[in-house]
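The values are calculated or read from the model by the stated rules, or taken from the named source; none is laboratory data. None of these values were measured; they are calculated from a predicted model. Every residue, glycine as well, gets a Cβ built from its backbone with ideal geometry; the counts of neighbours run over all protein chains shown. Just so you know, the surface numbers come from the protein's heavy atoms only, side chains and all, with ligands and any DNA or RNA stripped out. Shrake-Rupley method; radii C 1.70, N 1.55, O 1.52, S 1.80 Å.
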Amino acid sequence: MPDFFETDEELKAFLDRIPSVIFVRKAEAGFPVEFATANVSVFGYEAADFRDGKILYADIVHPEDLEAFNFAVISNSERGIRDYTLEYRVLTKGGELRWVADRTLIRYGKNGRISRYLGIVSDVTKRRELEQRLDQEKKKFRYLLDSGVDAVIIHDRDGNILEANEESCRLFGYSREEILKLSASDVDRRYGNYVPKLMKKIYQEGKAVFSAVHTRRDGSAVSIEVNACIMEYEGKTAVLAVVKDISEKKQALEDLLHALRVKKVLETVVNNSPVIVFLSGPSEQRPMEFISENISQFGYPAEDFSSGKLAYADIVHPLDLEKVRDTFFRSYKEGRTDFTEEYRVLTGAGDVRWVEERTFIELDEDGDIEYLYGFIMDVTDRRQNADFLRLRFDFGSALASGDELNETLRQLLDMALEIEPLDSGCLYILDWDSGEMKLKLYKGLSPGFAKAASGFEKNSGMARLLQIGKPVYRHFSELSTMAGLKAPPGEKLRAAAFIPLTYRNRVQGVLQLTSHLADELPETARNQLETIAFELGTAIGRIGEKTELRQTSSDLQGLFNSLKDFILIVDQEGCIVHSNPAFRKRLGYPEKELRGKNILSLHPHRKVLEAAKNFSEILDGKTSLYSMPFVDKEGLEVPAETWFSRGSWRGQEVLIALARPEPVV
């Protein structure tokens, strides 16, 4: 470029005449502009306003696009991308909105850090507007023309029909002129209380699939399945409905049930068993053609499903709904005729239950899904048992992860609070010196509660509860009176459990767990809590034992290191396994060099045979003492008498040698 333009003025004139605006932005907050071409005036700004710092580049980016702009800068920089293009909106000086395409080149300084961003910014507003208009037209005509043999209707939010194809006219028996004068209330018998809710759902979610019964011009009813979605029609938001006549399919299903003469038998058997039987359509919402009366175990009458008031998808837990749909459609695409899945449902009372569904897919002659049938079973208790086994595994993992008491206890308290309906609790540990029960951890409770219940003396109500020796399950108001707890009035605790933690018949602490929602803990939860409390007491006791053992080991190691006498631990071959600092210091060897060295090599060369004979007699148990000088690293002899005894070191049989050297003169 410098060779092509003779002067900087020629280069500047060239840059000012190209349609794109060039910005050199600093890698600083708000992206200060170091250079801008004069044609930035197309946006109403002066280049000098940017250079002088009056305007930052971030100031002209549309506020709704600024986050995406910043994210693009950061993500591309982190991935090492030096050249990328991003489209976003900017505001002109007059407040007008413009779409721009920003090709950004990232430049790095000598220190390897980003120093500048070179942005080549082009106004693409007209292109974006044209694309938007074309996209709207494509949607309108694609939905109308590609619907095949199904009826297609477009209507507004109030249900007024705006457009309809020939199949919709044939299906409902109207001419095009007549149907365009109708609304949803004219063709849907349930408009009064159902359609407004459905319209609201469609506008909120953007789409819906449902079954309905509409009325033809001659008054006859037609069963349909509707796939509805939101679209733009003539500049306004409208609903596009693709309508499929399922009257014959529905009748075929009814005929099938009656032909087999099992419907009544099936209902009688199933309604008196825990297994729910169903027959449903294949749409996403799973409208039920038949569902057994024992769906009432979840708090719903079967009539709500058969009448269309409820679809099965309405009771599936929102967090599991997408997974359930994916399993269904994936099974169909993979050519499977049945599948099994576990997921959660919501009962009429708002409780959560786990179910196992076994579904069979029935196909028609063309390979399309005709209907689904299968079984649903409540497996909540089984899931809770499985979850408890997982808790036991996690419990073991927590104990195996280390001896840090606080972290281990925190993990175990979290595990206990996974048991429904618990949501809060605290853990007290007994101080053996004072006899006081001290609060160690708490969760789901206010700091005010923790302060009020931070500890209990050995003669307190808490101690009297401990004397019972068994778990106590009460409403928190009763338990607080028994234990002398004074919770803040705003805590609103209900169901409570007070469980002693014991190890080797000694109380280690107390696990106090509570619920803000339930008034009573179910039996399954109590069993799980008592098992966890047993494990927790064992964990605390064992960790205490380990702490004592470490302290004892530390004390012994200190004694070992402070002895002036020589202490050596050698294996059956005479190789040194361990030695104390006094021995290493006197002989001048580092610990690493001594380890594995044969004890015979540390005696004078002239006495090696005698030392070997003595060592052999020691191994045979004939003697336990020999007088033999050691030789230090410099070759000087260190007279000493050495006593040997048998012992064990880290699971290995060894000889423990104690030598008393003569004092250094």
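Summary value for the chain: 5 percent relative contact order, contacts being C-alpha pairs under 8 angstrom separated by 6+ residues.
If you sort Y108, Y312 by accessible surface, 1.4 Å probe, largest first, the order is Y108, Y312.
Label positions at L619 and C229, each projected 7 Å from the Cα along the C-beta direction, are separated by 8.7 nm. Here's the picture: charge each Lys and Arg Cβ at +1 and each Asp and Glu Cβ at -1 in the chain, and of P471, F328, F566 the one pushed furthest to the positive end of that dipole is F566. Tilt of helix 318-333 relative to the longest C-alpha principal axis of the chain, in degrees (0 to 90, nearest 10)? Approximately 80 degrees, to the nearest 10. Measuring with a 1.4 angstrom probe and ignoring ligands and nucleic acids, T481 comes out at about 110 Å² accessible.
For P(r) over Cα pairs in 10 Å bins from 0, in percent, which listed value, [x] 2, 10, 11, 10, 12, 15, 15, 10, 7, 5, 3, 1, 0; [y] 3, 14, 24, 24, 18, 10, 5, 2, 1, 0, 0; [z] 3, 12, 16, 15, 11, 7, 5, 5, 5, 5, 5, 5, 4, 3, 1, 0, 0, comes from the coordinates shown? Only one listed value fits the structure, namely [x]. When nucleic acids and ligands are ignored and a 1.4 Å probe is applied, R344 ends up with an accessible area of around 60 Å². Accessible area per residue was computed with a 1.4 Å probe on protein heavy atoms; V73 scores about 10 Å².
Estimated purely from DSSP H runs of n ≥ 4, each contributing -39500 (n - 2.57), the mean residue ellipticity at 222 nm for the chain is -11000 deg cm²/dmol once divided by its residues. Peptides 487-493, 228-234 ranked from most to least packed by the mean count of surrounding Cβ atoms within 10 Å: 228-234, 487-493.
For segment 564-665, the relative contact order is 29 percent, taking Cα pairs closer than 8 Å that sit 6 or more residues apart in sequence and dividing their mean separation by the residue count.
Normalised per residue, the accessible area of the chain is 56 Å², obtained with a 1.4 Å probe and no contribution from ligands, DNA or RNA. Of the peptides 451-459, 360-368, the ranking by mean beta-carbon count within 10 Å, highest at the top, reads 451-459, 360-368. Loop-located GluC sites (Glu not before Pro) in segment 19-126 (DSSP state not H, G, I, E or B) with no more than 13 neighbouring Cβ atoms inside 10 Å: E28, E96. Here K438 is the anchor, and the lysines within straight C-alpha reach of less than 17 Å, apart from those fewer than 8 places off in the same chain, are K451, K458, K486.
Of all aspartates and glutamates in the structure, those lying under 16 Å Cα to Cα from K181, and not within fewer than 8 positions of it along the same chain, are D156, D158, E163, E166. For segment 524-536, putting each phi into the Karplus relation 6.51 cos²θ - 1.76 cosθ + 1.60 with θ = phi - 60° gives couplings of 4, 5, 5, 4, 5, 5, 5, 5, 5, 4, 4, 5, 5 Hz, in residue order, rounded to whole numbers and with x for Gly and Pro. Between segment 412-465 and segment 579-636, the C-alpha centres lie 58 angstrom from each other. Only one residue of Y84, I161, S115 has its Cα farthest out toward the positive end of the dipole of segment 58-167, where Lys and Arg carry +1 and Asp and Glu -1 on Cβ, and that residue is S115. Axis of helix 8-17 versus longest Cα principal axis of the chain: the two differ by about 50°, to the nearest ten degrees. Multiplying the residue separation of R82 and S627 by 0.36 nm and subtracting their alpha-carbon distance yields 188.3 nm.
Report the residues of segment 609-637 in range of a label on E593: point 7 Å along Cα→C-beta, backbone N strictly under 13 Å from it. Only 632-636 fall inside the zone, counting backbone N under 13 Å.
Remark: spin-label model distance F329-N70 equals 3.5 nm, labels positioned 7 Å along the Cα→Cβ axis. Taking the Cα centre of segment 554-665 as reference, the dipole from Cβ charges on Lys and Arg (+1) and Asp and Glu (-1) amounts to some 160 debye. Work out the FRET efficiency for K443 and H605 from their Cβ-Cβ distance, taking R0 = 45 Å, and round it to the nearest 0.05. FRET efficiency, K443 to H605: 0.05. For segment 625-665, with the dipole built from +1 on Lys and Arg beta-carbon atoms and -1 on Asp and Glu ones, taken about the Cα centre, which of S627, Q652, P639 lies farthest toward the positive end? The Cα lying farthest towards the positive end belongs to Q652.
Placing unit charges on the Cβ atoms only, positive for Lys and Arg and negative for Asp and Glu, gives segment 25-139 a dipole magnitude near 420 debye about its Cα centre.
FRET efficiency for the pair Y108 and S41, taken as 1/(1 + (r/R0)^6) with r the Cβ-Cβ distance and R0 = 30 Å, rounds to 0.45.
Between V275 and S454, the modelled label-to-label distance comes to 6.0 nm, taking each label 7 Å out from Cα in the direction of the beta carbon. Largest first, the residues L409, L86 sort by 1.4 Å accessible area into L86, L409. Using the Cβ-Cβ distance between E342 and F534 with R0 = 35 Å, the FRET efficiency computed as 1/(1 + (r/R0)^6) comes to roughly 0.75. Helix 380-400 and the longest principal axis of the Cα set of the chain meet at an angle near 40°. Legend: distances between Cα atoms for K309/K492; K323/K443; K140/K244; K140/K309; K140/K200; pairs beyond 27 Å are K309/K492; K323/K443; K140/K309. Computed about its Cα centre, the charge dipole of the chain is approximately 2300 debye, with only Lys, Arg, Asp and Glu carrying charge at their Cβ. For E87, nonlocal amide neighbours, meaning residues 5 or more places apart or on other chains whose placed amide H falls under 5 Å from its own, are D102. The portion of the accessible surface of the chain made up by carbon and sulfur, rounded to a whole percent, is 51 (1.4 Å probe; DNA, RNA and ligands excluded). Couplings for segment 281-295, taken from phi via the Karplus curve 6.51 cos²θ - 1.76 cosθ + 1.60 with θ = phi - 60°, read x, x, 6, 4, 6, 6, x, 8, 7, 8, 8, 5, 4, 6, 4 Hz in order; Gly and Pro are left as x. In order along segment 55-70, the Karplus-derived 3J(HN,Hα) couplings, from 6.51 cos²θ - 1.76 cosθ + 1.60 at θ = phi - 60°, round to 10, 8, 5, 4, 5, 9, 6, 4, x, 6, 9, 5, 5, 5, 5, 5 Hz, and Gly and Pro are given as x.
Surface listing: L91, L658 arranged by accessible area from highest to lowest gives L658, L91, probe 1.4 Å.
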